[in-house]
Every structure is written in C-alpha cells, then in structure tokens.
Amino acid sequence: MADAASVLIAIGTKKGLWLGTSTDRTHWDLTGPHFLMQEIPSIAIDTRGDRTRILVGTRSEHWGTNVLHSDDLGASWTEPERAAISFPPDTGASLERIWQLQPDAAGRPGVVWAGCEPISVWKSTDGGEHFELNRGLWDHPHRSQWGAGYGGAAAHTVLPSPADTQTIHVAMSTGGVYRSTDAGGSWQARNQGISAYFMPDPLPEFGQCVHKIARDAGQPERLYAQNHHGVYRSDDNADSWTSIAEGLPADFGFVMLAHPRRSGTAWVIPIKADGERIPPDARLAVHRTDDAGESWTRADSGLPQSEYNAVLRDAAATDTAEPAGVYFGTRGGCVYASADEGSTFTEVASHLPDVLCVRAAVVAG
C-alpha cells in the first residue's frame, strides 16, 4: 500500500458505530461511538466517483430503522426526512432490519442495493438516499415458504455482477440463493448441490440456510458460499454447487470473503457447529484458499489462543489495498486487521459491544 494512502474501517455494533483510520493498517485512530445505543447491522463504504460516502443501516427500538449517510468520513451525518426504505401500503409489511447495503459496480454510480428483513431487496439510484422495493422478489411464489434463520428472516447478501447489468444474486436465510438475469425483474432459485439436511428433502429446490455468498474477482460466474453446515463453490453462475469444505476444521460458519482482485482466493472463519457456536477447540483462526477451495491454509498469528465468541456473516471484510487487507470482529467486541491478506493480525479495538458489521476501504492516496 502506498505510504500516502489512508484506510477507513467502519465497525457496526449492537450499541453504535466506530470509525477508524490508518496509514499502515496496524495503528488505528478510532472515533465513536456514533449513534450510541442504536444497532448498526449494515454498512457500505462507497468510494465510486469523486467522494467517499459512508452508508449505515441503523435500528433503534425507539426511532425505528433507516439509512443515513456521511460524505465527510463521519464528521456529520444526513438522515432523509422520510424513511429511506419503506414498504408500500399494499404489502402490509413493515421494515424490521437492514441486513445489507451494497454499492453496485464502479460503472454504475448512484446505484446501491439493500437486503432487508422481512426478506426483501431494494434498489437506490441516488447513492442510497431513497430505495424502491424489488417487486419481482417480493411477489415471488416461494416467498410464503421462506423461513427465518436464528437471527431473523434476512436477505443478507446482494451481489450485482460487474460483468453485466442484468445478473444479480441474492442469498437469504432461510431460502437459499436466488438469481435474476433480467435486472431483478424475475428470480429463480439456484441451490442445486447445497444441502438442507434439516429438511425432509435434504436437497430441495429452495429452503437452504445459506449464511453468506461472495463473488470471485477474476471470474464473475464463480461464487463461493458458506452454508449452515457446508462450504461450496459454483463455477456456472450458481446453476450448480460443489463442496469445498475438505481441509477445514469445520464446515459451519458465517463468513465468506473473496479477494478484491485475485481469482481463486477466499477466506472463511470456521465455527464448530450450530449447537456449539464457538471456534473449533476455542481457537480463533482464519482459513484462506488460493486455489478456489481445493486446499486451505490456517492463519492465527496475532489472534487470541482462547476465544469463545463467533464472527457473524457481515462482521468481516476486505479492502482494495495492495496487498489486500482482511478485517473481522467478534461477538465479544474485539476487532482485528491484517495488512498481509490474512497471514497475520493486529487488534484494532477491544471491549466493544457485539460486532455486527465491519467494512474497510482505501479512502485517500
């Protein structure tokens, strides 16, 4: 990473948002909490165009749920006069939580996607200030059969393809992976090969509890998935999935990260099992593949030798620096950063509230 570059890390927790900046990704200047006592389950750092915009999905027991943004790295925040995301009256639904905020590709400035609870996908064309409900997914005939995961009924991943304007993948818990090839007009379940062992049919068309998916940087048709027991790869745009869990200490977990530039590289953070949601042997570690899941390498340098807290699906992120940075936070309020693609880690913060979301980006230099 160039000496003049600055990296921003945004940490969303059960009780507010913390922001940090660093020029070496080892020493961090933190500010916060912003939005004290509000839940921050989703964050996006949008560096497209000529400004950096931080978007946060907030949730307050008193004020409700909204999307706010800052164009000055958190010095000030703008909240829309009317809720940025609001269900149309005919749906009879109300917004519970914003699980995902996802800027579209670099060539589509202004377009931001949101995945929400109840299970729904939304699109903004003004940088995340106002969103419109995707009726194709909301009116899908499967919707009445989508269930709620342990954390709620979540459309937690939205992946617009950088290769074209028509292809979008969504992952939901529970429901599985759905794909649109007509810019969100219609959606098809794409779960062939992903297990739902807890259902009467262990390989159904839909109903899987997919925890997270990520898209390969070099091959847009390749995706990776962390399932409720199971780690998978698809090489055909999610038409089919194959297991890549061999070599991992456990196939359960929530995190799935893909390298921002290099094809074949991805990271997971295994959890022992759904019944014991702790790192295997209570030893926290990140596992990386450089060959699209054919093999995995364990990394725990700089991480605690004893850890009983899990890492949630969006409490992990990469940046776009060279080499790429890897970041994650635990439910025990500790946040770690790696400046060498996950080989070694340093602690960014400790004793924060339960970490729900972590995002990082190069913002200057």
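The values are calculated or read from the model by the stated rules, or taken from the named source; none is laboratory data. Just so you know, these numbers come straight off a predicted model, no measurement behind them. Cβ placement follows ideal geometry from the backbone for every residue including glycine, while neighbour counts extend to all protein chains displayed.
Among residues belonging to the range 162-203 that are aromatic (Phe, Trp, Tyr) and in a loop (DSSP other than H, G, I, E, B), point out the one that is farthest from residue 144 (Cα to Cα). Among those that are aromatic (Phe, Trp, Tyr) and in a loop (DSSP other than H, G, I, E, B), it is 197. Checked against (1) on the phi > 0 side of the Ramachandran plot; (2) more than 20 Å from the chain's Cα centre (by Cα); (3) touching a residue at least 40 places away in the same chain (Cβ under 8 Å), residue 253 meets all criteria but (2).
Here the range 305-317 is the region considered, the condition is being over 23 Å from residue 243 (Cα atoms) and touching a Ser or Thr at 6+ places or on another chain (Cβ under 9 Å), and the residue that is surrounded by the most Cβ atoms within 10 Å (Cβ to Cβ) is 315. Restricting attention to the range 289-299, does a residue exist that is closer than 27 Å to residue 187 by Cβ and either without any contact (Cβ under 8 Å) to a residue 40 or more places away in the chain or not hydroxyl-bearing (Ser, Thr, Tyr) (or both)? Taking every residue of the range 289-299 in turn, at least one turns out to be closer than 27 Å to residue 187 by Cβ and either without any contact (Cβ under 8 Å) to a residue 40 or more places away in the chain or not hydroxyl-bearing (Ser, Thr, Tyr) (or both).
Answer yes if at least one residue in the range 307-327 is farther than 30 Å from residue 97 by Cα and touching a Phe, Trp or Tyr at 6+ places or on another chain (Cβ under 7 Å), and no otherwise. No - not one qualifying residue is present in the range 307-327. Take residue 225 and tell me if it is buried (at least 24 other Cβ atoms within 10 Å of the Cβ), of a type outside the set (S, T, N, Q) and under 23 Å from residue 275 (Cα atoms). Here the answer is yes, as residue 225 does meet what is asked.
Figure legend. Inter-residue proximity from the range 120-140: first residues of a type in the set (S, T, N, Q), second residues in a helix (DSSP H, G or I), beta-carbon distance below 6 Å, spacing 6+ or different chains. Indicated pairs: 120/138.
The residues listed here are 182, 291, 216; of these, the one that is surrounded by fewer than 23 Cβ atoms within 10 Å (Cβ to Cβ) and within 25 Å of residue 42 (Cα to Cα) is 216. Taking the criterion of being part of a strand (DSSP E or B) and charged (D, E, K, R), the residues of the range 204-226 that qualify are 212, 215.
Looking only at residues in the range 185-211 that are aromatic (Phe, Trp, Tyr) and either within 22 Å of the chain's Cα centre (by Cα) or under 18 Å from residue 236 (Cα atoms) (or both), the one that is surrounded by the most Cβ atoms within 10 Å (Cβ to Cβ) is 187.
Scanning the range 1-48 for residues that are of a type in the set (D, E, K, R), closer than 15 Å to residue 355 by Cβ and not in a loop (DSSP other than H, G, I, E, B) yields a single hit, 39.
Filtering the range 265-282 to residues that are over 12 Å from residue 316 (Cβ atoms), touching a His at 6+ places or on another chain (Cβ under 7 Å) and at pLDDT 95 or above leaves 265, 270. Filtered by the rule that a residue be among the small types (Gly, Ala, Ser), in a loop (DSSP other than H, G, I, E, B) and over 27 Å from residue 323 (Cα atoms), the range 227-268 gives 230, 238, 240, 250. Which residue pairs have Cβ atoms closer than 6 Å, lie 6 or more positions apart in sequence or on different chains, and pair a first residue in the range 39-63 that is crowded, with 17+ Cβ neighbours inside 10 Å with a second residue that is acidic (Asp, Glu)? Filtered contacts from the range 39-63: 53/46; 53/71; 59/39.
Results for (1) among the polar types (S, T, N, Q); (2) at pLDDT 95 or above; (3) under 19 Å from residue 362 (Cα atoms), shown as yes or no for each residue.
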site	(1), (2), (3)
56	no, yes, yes
68	no, yes, no
71	no, yes, yes
78	yes, yes, no
87	no, yes, no
93	no, yes, no
116	no, yes, no
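If you go through the range 259-273 and keep only what is free of Cβ contacts under 8 Å to residues at least 60 places away in the same chain and closer than 21 Å to residue 356 by Cα, you end up with 266, 268, 269, 270, 271, 272, 273.
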